[in-house]
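Asks: Handing you this structure, nothing more for now.
The values are calculated or read from the model by the stated rules, or taken from the named source; none is laboratory data. Just so it is clear, the model here is predicted, and its values are computed rather than measured. Heads up, the Cβs are rebuilt from the backbone with ideal geometry, glycines too, and the neighbour counts pull from every protein chain shown.
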Amino acid sequence: MEILNAFNEFETSALNAIAAATDSESLEKVRIEFLGQKNGRVKDLQKVVGTATTAEKPAVGKRFNEVRTNVTAQLDAKLEQLKSQAQKAASDFDVTLPGERPKIGQLHPITRVITEFRELMGRFGFTVVDGPEIEDERHNFEALNIPEDHPARDPLDNFYVACASAAAGGPVLLRSQTSTVQIRTMETTKPPIRIVSLGRVYRPDTIDATHSCMFHQMEGLMVDRHVTMAQLKTVLSLFARSFLGPDVEIRFRPSFFPFTEPSVEVDMKWGNSWMEIGGAGMVDPNVFAAVGYDPEEYTGFAFGLGIERFCMKHYGVDDIRRFYENDMRFLSQF
């Protein structure tokens with residue numbers, strides 16, 4: 001009977017597809033294609049049954065049931081076979097074999113240097129304090145003896161936060177130095193003081209191999225009776241040699257900062273040239289007056305060091321931009 005060819009073709013195609021399935025997902029696609037209730041090809045066979053004559057219908061109906069039953073049975077058998085293979089593969093796994101060590105992340109080189117700085121300064125007797133990165137003009141400028149007409153307060157040289165001014169009741173900015181923390185500490189603490197603050201600062205500098213618009217500083221402050229410039233130079237020299245090694249060359253150059261008097265620039269030898277790593281000096285009496293200290297009774301020194309530049313020297317990196325490119329090939333070296 002020629003009408004039965006459609007059933008033979010359906011059965012052959014279905015059994016070949018079942019045999020070719022390699023996993024339960026592909027087998028499920030075969031089931032949907034051939035026996036799916038909505039769009040399965042079995043619907044076409046049902047239409048063929050409807051076209052049979054009265055005399056043909058018994059044989060056609062019988063063949064339809066045989067084909068559907070056979071395909072369903074083969075699907076079930078294949079599914080059991082795939083499950084058995086998966087279980088066997090799982091049982092073949094030897095849990096006593098050594099596994100692969102997972103790749104664990106590590107601290108960023110700048111974070112590692114900050115941690116070492118904290119430990120070193122702790123051994124020198126300095127306590128670590130923190131402060132906000134968004135500051136008002138009093139703590140960032142006024143209390144640090146930087147008057148309103150000083151070039152350092154130019155909006156082009158700072159990151160002012162316009163949207164926060166209304167809520168703060170006045171201009172606010174991303175701090176341009178960690179010296180703001182020493183002001184906040186002196187406002188609430190009586191001498192003697194020996195602190196360091198480590199954190200991010202922001203300046204719209206031109207980005208190059210040794211400059212960035214966001215970088216890290218370590219600010220140090222020591223206030224007591226009879227604090228001297230000799231003590232400042234001793235602390236900075238010992239710190240640099242403790243971190244970079246006894247052979248590092250450090251020099252101090254006369255300079256000017258509004259919040260220290262006298263002031264010095266601190267340089268270290270970088271190859272055949274010198275690179276500035278920070279500024280320092282004796283705390284200006286006007287700064288003491290701004291926080292309620294008696295400048296006739298107390299003296300102190302302050303210093304601010306660029307952490308990235310120490311990190312560059314420590315790890316032999318010649319471009320500060322490498323620290324912020326998030327290149328895993330570079331970061332995985334440390």
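Asks: Consider segment 289-316. How many of its residues are over 24 Å from residue 253 (Cα atoms), in contact (Cβ under 8 Å) with a residue 24 or more places away in the chain and among the hydrophobic types (A, V, I, L, M, F, W, C)?
Replies: As a first pass, look at segment 289-316 and keep what is over 24 Å from residue 253 (Cα atoms): 289-298, 315-316.
When the remaining residues are screened for being in contact (Cβ under 8 Å) with a residue 24 or more places away in the chain, the result is 290-293, 297-298, 315.
With among the hydrophobic types (A, V, I, L, M, F, W, C) added as a condition, the list becomes 290-291.
Adding up the residues that qualify gives 2.
For (1) surrounded by 12 or more Cβ atoms within 10 Å (Cβ to Cβ); (2) within 59 Å of the chain's Cα centre (by Cα), each residue gets a yes or a no:
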{"residue": "53", "(1), (2)": "no, no"}
{"residue": "78", "(1), (2)": "yes, yes"}
{"residue": "101", "(1), (2)": "no, yes"}
{"residue": "108", "(1), (2)": "yes, yes"}
{"residue": "118", "(1), (2)": "yes, yes"}
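Asks: A further question follows. With (1) charged (D, E, K, R); (2) in a helix (DSSP H, G or I); (3) more than 32 Å from the chain's Cα centre (by Cα) as the list, and residue 138 as the residue in question, which single condition is left unmet?
Replies: Unmet condition: (3).
Asks: A follow-up question, please. Scan segment 315-330 and give yes if some residue there is within 20 Å of residue 196 (Cα to Cα) and touching a helix residue (DSSP H, G or I) at 6+ places or on another chain (Cβ under 8 Å), otherwise no. If you could, list the steps in order and put the result at the bottom.
Replies: So in segment 315-330, the residues within 20 Å of residue 196 (Cα to Cα) come out as none.
Checking segment 315-330: not a single residue is within 20 Å of residue 196 (Cα to Cα) and touching a helix residue (DSSP H, G or I) at 6+ places or on another chain (Cβ under 8 Å).
Asks: Just to be sure, is residue 105 closer than 25 Å to residue 236 by Cα and either touching an Asp or Glu at 6+ places or on another chain (Cβ under 6 Å) or not in a helix (DSSP H, G or I) (or both)?
Replies: Values: closer than 25 Å to residue 236 by Cα: no; either touching an Asp or Glu at 6+ places or on another chain (Cβ under 6 Å) or not in a helix (DSSP H, G or I) (or both): yes.
Taking the combined requirement at face value, the residue does not satisfy it.
Asks: In segment 150-167, is there at least one residue being within 30 Å of residue 313 (Cβ to Cβ), outside any helix (DSSP H, G or I) and without any contact (Cβ under 8 Å) to a residue 60 or more places away in the chain?
Replies: Scanning segment 150-167 turns up at least one residue that is within 30 Å of residue 313 (Cβ to Cβ), outside any helix (DSSP H, G or I) and without any contact (Cβ under 8 Å) to a residue 60 or more places away in the chain.
Asks: Which of (1) in a helix (DSSP H, G or I); (2) surrounded by 14 or more Cβ atoms within 10 Å (Cβ to Cβ); (3) without any contact (Cβ under 8 Å) to a residue 40 or more places away in the chain does residue 60 not meet, given it meets every other one?
Replies: The number of the failed condition is (3).
Asks: If you check 68, 118, which single one turns out to be assigned to a helix (DSSP H, G or I), closer than 30 Å to residue 198 by Cβ and out of contact with any helix residue (DSSP H, G or I) (no Cβ under 6 Å at 6 or more places or on another chain)?
Replies: Testing whether each residue is assigned to a helix (DSSP H, G or I), closer than 30 Å to residue 198 by Cβ and out of contact with any helix residue (DSSP H, G or I) (no Cβ under 6 Å at 6 or more places or on another chain) leaves just 118.
Let's see how each residue does on (1) outside any strand (DSSP E or B); (2) more than 25 Å from residue 114 (Cα to Cα); (3) without any contact (Cβ under 8 Å) to a residue 12 or more places away in the chain:
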site: 223; (1), (2), (3): no, no, no
site: 236; (1), (2), (3): yes, no, no
site: 243; (1), (2), (3): yes, no, no
site: 251; (1), (2), (3): no, no, no
site: 255; (1), (2), (3): no, yes, no
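Asks: Out of (1) of a type outside the set (Phe, Trp, Tyr); (2) in the same structural domain as residue 35 (by TED's automatic domain parsing); (3) at positive phi, what's the single condition that is false for residue 125?
Replies: (2)
Asks: Can you say whether residue 127 is out of contact with any Gly (no Cβ under 8 Å at 6 or more places or on another chain) and either surrounded by 15 or more Cβ atoms within 10 Å (Cβ to Cβ) or over 30 Å from residue 201 (Cα atoms) (or both), as far as the supplied structure shows?
Replies: Working: out of contact with any Gly (no Cβ under 8 Å at 6 or more places or on another chain): yes; either surrounded by 15 or more Cβ atoms within 10 Å (Cβ to Cβ) or over 30 Å from residue 201 (Cα atoms) (or both): no.
It is false that residue 127 is out of contact with any Gly (no Cβ under 8 Å at 6 or more places or on another chain) and either surrounded by 15 or more Cβ atoms within 10 Å (Cβ to Cβ) or over 30 Å from residue 201 (Cα atoms) (or both).
Asks: Restricting attention to segment 301-317, does a residue exist that is more than 30 Å from residue 186 (Cβ to Cβ), under 21 Å from the mean Cα position of the chain (by Cα) and not aromatic (Phe, Trp, Tyr)? Step through it out loud before you land on a result.
Replies: First, pick out the residues of segment 301-317 that are more than 30 Å from residue 186 (Cβ to Cβ): 312-317.
Subsequent filtering for residues that are under 21 Å from the mean Cα position of the chain (by Cα) retains 312, 315, 317.
Still in the running and not aromatic (Phe, Trp, Tyr): 312, 317.
Yes, some residue in segment 301-317 is more than 30 Å from residue 186 (Cβ to Cβ), under 21 Å from the mean Cα position of the chain (by Cα) and not aromatic (Phe, Trp, Tyr).
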